[in-house]
There are 2 protein chains.
Amino acid sequence: MSWEANVRKVVPYTPGEQPGGKHIVKLNTNECPYPPAPAVEKMLKEESYEDLRLYPAPDAGNLVEALASYHGVKKEQVFAGVGSDDVISMAFLTFFNSSKPVFFPDVTYSFYPVWADVYKIPYETKMLDKDFRLVKEDYVTENGGIIIPNPNAPTGLLEPLENIEYIVKNNPESIVIIDEAYVDFAGEGASALPLISRYDNLLVIRTFSKSRALAGLRIGYAVGNERLIKFLNDVKYSINSYTLGRPSLLLGEASIKDDDYFKQTRDKIISTRERLKKDLSALGFTFGDSKSNFIFATHEKYRAKEIFEHLKIEGIYVRYFNSPRIDDHLRITVGTDEEADILVKALDKYMKEAGV
Amino acid sequence: MSWEANVRKVVPYTPGEQPGGKHIVKLNTNECPYPPAPAVEKMLKEESYEDLRLYPAPDAGNLVEALASYHGVKKEQVFAGVGSDDVISMAFLTFFNSSKPVFFPDVTYSFYPVWADVYKIPYETKMLDKDFRLVKEDYVTENGGIIIPNPNAPTGLLEPLENIEYIVKNNPESIVIIDEAYVDFAGEGASALPLISRYDNLLVIRTFSKSRALAGLRIGYAVGNERLIKFLNDVKYSINSYTLGRPSLLLGEASIKDDDYFKQTRDKIISTRERLKKDLSALGFTFGDSKSNFIFATHEKYRAKEIFEHLKIEGIYVRYFNSPRIDDHLRITVGTDEEADILVKALDKYMKEAGV
């Protein structure tokens, strides 16, 4: 049929499986194993059902104000969207509007090339070194923009802030986006947020889906200088005036304000991560030093794909990417200590039975 | 600063004001004056706070299934998004991917040209006749796609289904989108949904924000043949895997299943609309025969802009568009009978005081 000629045809991103059932161990989409903050529960109970008939604030006012105050910036420096995917997608559309290629690492969040394709943005991937580290010098040739996740996904590795600053500083003519979906697990001094006041070409993007245990609400945000945020808002208002619904605005604000609980769960996840590293090492896995809420591991003797499929039969979901350079790795979300134990036991059993 | 050269600069859509305060009469954004269905309230109370840590179903499965069953189509024929704005925006991006111009009426939803601009889609507006009716023959020359709201906004007028079919039938090489945001207020036989099975180039788009009193949740959807919906989903999965959050999926499904309440509130609004028509006529307003939840009125003696500004001072918000051909009209949302009385009284007082 001839209308097909006008259809935008794309190869979409494939999200991790979302299996149902209560008895599975879900370590495949980097969700938080703990519930959201108690303040979120309280607000959910208090939420007015009647107000749902009204549009939400188009500028996500209360949430943006809470975030601005949390980060010590002006509210005009914060942009909120439907998960960081929405925010990044909007940033691609807004800022990567050039005929020069956008740069990002070859091993990274696999959504980047998909966004580039759907918006017809040229791009060029820059190879990470053999240890999956960024080669910062690769990012200082002419480009139409740069996006780097830090910590990187799926490797989990954190790039030192001076390398990030090197890239931002040496690209005054491009917008540099640092995707900090996992930065809360990376310790003090990891975030590029303090650089915002010095570089007007820097945009930092965060999410509520990982460290804030609110993947189900879809909240992401960007912080940058006021002019960047204004351009982003102009594009947003050209696509959908009201993106974040009332529950997201209310519960998101409640989450931000409950900082003690946030720090507690974050610390628990970091502690389980370090424990899991030891256990996986003992089983013969090797991996970089993850600063995120997942571990990206490979094994000399056992094929990642086979482990992945075996674990699935056992009801344990981890993530496997059939992509160049990483097709013998598993990305394992750090769950609770209990979930880590179940995983380690299943791996141990698998290896004993498989032999080698 | 030179990175600005790469920024996509747009003139965004301006949404209606969202004034705060409890004592205002808000008749400016076509929200429903009644609360959502009791089933929504029940589900909000039952919603699991703990599950918010998990991503929602990327395919909006339960909501899509409820909608498919409601409309008697397959679930593969339904696409859900963050309000009909998100769905229409995605449809522009997916289907209007041609160098030929997209057609829509000159007086219509003012977001259409904004979407065309942000996605760099050429377009051509087709003039409505002097009574704001569609000239169907104008839509059968070569084009890159067509979008028509029915009932139209801000006129509120319903185009007979045979005119819609004429346009769909005579454009086999284009996707024709019928935006039915207000069709629930238009009576039996108004919707183009029954044509879906006969025309594979027809996409019908609906929203939960008006007749379902759920503007605060942001839910919209499209119904069409399976191939259209697949193309739409491919683009959606290339932008954001998880658009609708858990509250929207759960409460949206509950709303669809509470059909009695839906019909009751819809009928109440229709009844208030007919009453308000009589009252406005008595005050000397003229308007087309609205089949939506708003009335698009003008007055021979009083300037719309002045009435608009006066009403605002009184705490009554209606919508005024400073646009060609309609800059002497007001779009007045049909609220409750009580709100209609307050409005009519305020208008009456204004006219008496202004004299003329």
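Numbers for the structure displayed
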| read-out | value |
| --- | --- |
| Principal axes of region A:54-171: Cα extent on each, largest first, Å | 51, 31, 26 |
| Distribution of pairwise C-alpha distances over region B:1-116, 10 Å bins, in % | 9, 23, 32, 27, 9, 1 |
| Rg/Rh ratio calculated on Cα atoms of region A:168-253 (Kirkwood radius) | 0.99 |
| Estimated FRET transfer efficiency (A:Arg227, A:Val135; beta-carbon r; R0 45 Å; 0.05) | 0.90 |
| Value of Rg to Rh for the protein assembly as shown (Rh from inverse mean 1/r over Cα pairs, i.e. Kirkwood) | 0.99 |
| B:Phe294 long-range amide H proximity, modeled H, under 5 Å | B:Val334 |
| Computed label-point distance, nm, for sites A:Met127 and A:Thr286 using a 7 Å Cα→Cβ extension | 1.9 |
| Amide H within-cut-off set for A:Ile316, under 5 Å, with H built and near neighbours excluded | A:Val25 |
| Most fluctuating residue given options A:Asn30, A:Asn225, A:Asn240, as computed from a GNM of chain A linking Cα atoms under 10 Å | A:Asn240 |
| Quotient of Cα Rg and 2.2 N^0.38 Å for region A:273-342, N being how many residues it contains | 1.03 |
| Which of B:Val10, A:Val64, B:Val40 has the fewest Cβ neighbours within 10 Å, and the rest in rising order | B:Val10, A:Val64, B:Val40 |
| Residues A:Phe262, A:Phe111, sorted so that the one with the fewest Cβ neighbours within 10 Å comes first | A:Phe262, A:Phe111 |
| Residues with amide H under 5 Å from that of B:Tyr123, placed H, sequence gap 5 or more | B:Val102 |
| Amide N of region A:1-30 lying under 20 Å from the label point, which is placed 7 angstrom from the Cα of B:Ser69 along Cα→Cβ | A:20-21 |
| Cα→Cβ-extended label distance, 7 Å offset, between A:Glu188 and B:Lys312, nm | 5.1 |
| Taking all pairs of distinct alpha-carbon atoms in region B:38-257, Kirkwood radius in angstrom | 17.7 |
| In order through region A:43-48: 3J(HN,Hα) via Karplus (6.51 cos²θ - 1.76 cosθ + 1.60), integer Hz, x for Gly, Pro | 5, 4, 6, 8, 4, 7 |
| Spatially proximal aspartates and glutamates relative to B:Lys345 (Cα-Cα < 13 Å; intrachain offsets below 8 disregarded) | B:Asp279, B:Glu314, B:Asp337, B:Glu353 |
| Spatial separation of Cα centroids for region B:25-68 and region A:257-301, in angstrom | 35 |
| Residue-averaged beta-carbon neighbours from other chains (10 angstrom radius) around B:7-19 | 6 |
| Residues A:Val7, B:Val107, B:Val82 arranged by fewest to most Cβ contacts within 10 Å | A:Val7, B:Val107, B:Val82 |
| Region A:38-257: Lys pairs at Cα distance under 17 angstrom, eight or more positions apart or on different chains | 12 |
| Calculated FRET value between B:His23 and A:Lys268, using beta carbons and R₀ = 56 Å, to 0.05 | 0.75 |
| Highest-MSF residue in chain B out of B:Asp129, B:Asp267, B:Asp200 [GNM, Cα springs under 10 Å] | B:Asp129 |
| Karplus-derived HN-Hα couplings along region B:236-252 (A = 6.51, B = -1.76, C = 1.60, θ = phi - 60°), whole Hz, x at Gly and Pro | 4, 5, 8, 10, 7, 5, 10, 9, 8, x, 4, x, 5, 5, 5, 6, x |
| Region B:4-11 - phi-based ³J(HN,Hα) in whole Hz, Karplus 6.51/-1.76/1.60, Gly and Pro as x | 4, 4, 8, 8, 6, 9, 9, 9 |
| Inter-chain Cβ neighbour average for residues B:231-237, partner chain, 10 Å | 5 |
| Sites A:Lys305 and A:Ala57 - FRET efficiency at Förster radius 30 Å, r taken between beta-carbons, to 0.05 | 0.05 |
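We did not get these values from a lab; they are worked out from the coordinates using the rules stated. As the structure is a prediction and not an experimental result, all values here were calculated from the model. Note that we place each Cβ from the backbone using ideal geometry, even for glycine, and neighbour counts take in every protein chain shown.
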